[in-house]
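Read the figures in this text as sums done on the coordinates, not as results from a lab. Every value quoted in this text rests on a predicted model; they were computed, and no experiment measured them. Every residue, glycine as well, gets a Cβ built from its backbone with ideal geometry; the counts of neighbours run over all protein chains shown.
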Amino acid sequence: MNAVTPGKMLQDILIMGFKVSLAYSAVSIGAQIIRDYYLNPIVGTGIDYGWALFTGGT
């Protein structure tokens, strides 16, 4: 077993913090992309179809 120095511990904490911030930004951007390019068009199509059925296709 190796001795853990404060410098090494701080380096590990900073590296893990960078990884967490990178993962957070990827998830937040990914959720926005999924919402904008997949969910909104599907829901919009469903609303248009439902409105056409409701109004009798006019």
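Between ILE42 and VAL20, what's the calculated FRET efficiency when r is the beta-carbon distance and R0 is 30 Å? Round to 0.05.
The calculated FRET efficiency here is 0.40.
Just subtract the alpha-carbon distance of ASP12 and TRP51 from 0.36 nm times their residue separation and send over the number in nm, one decimal.
Gain on extension, ASP12 to TRP51, equals 8.4 nm.
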